[in-house]
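Student: I am attaching a structure below and will ask some questions about it afterwards.
Taken together, the values in this text are just the output of simple stated rules run on the coordinates, not laboratory data. Predicted model only: the values in this text are computed from it and were never measured. Backbone-built Cβ (ideal geometry, glycine too); neighbour counts: all protein chains shown.
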Amino acid sequence: MPTPSKTWHTLALELRGQQVSATLDGQKRFEKTLDFVPSGRIGLWSKADSQVLFDDFAVTPLGGAP
């Protein structure tokens with residue numbers, strides 16, 4: 001998804017069981033049902049030719065989640 005350079009963007013991912021969705025700058029951009037309920041770690045990745053800065057990275061349990 002093309003995004004303007006040299007500006008901050010807000011990326012939010014939500015995982016509920018097997019349902020995952022992604023929101024970029026307030027607009028839902030992706031939804032998918034996974035084959036399994038994921039567990040484990042979170043990783044961040046960018047293309048090798050880009051420079052990416054992250055600020056205020058947080059993982060927050062959703063209401064009702066264990």
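Student: Would you check which residues across segment 12-26 are part of a loop (DSSP other than H, G, I, E, B) and within 15 Å of residue 1 (Cα to Cα) and list them?
Tutor: Scanning segment 12-26 gives 25, 26.
Student: For segment 1-26, which positions are surrounded by 10 or more Cβ atoms within 10 Å (Cβ to Cβ) and more than 18 Å from residue 58 (Cβ to Cβ)?
Tutor: Scanning segment 1-26 gives 17, 18, 19.
Student: Filter segment 27-47 down to the residues that are among the hydrophobic types (A, V, I, L, M, F, W, C) and surrounded by 10 or more Cβ atoms within 10 Å (Cβ to Cβ), then identify the one that is farthest from residue 2 (Cα to Cα).
Tutor: 37
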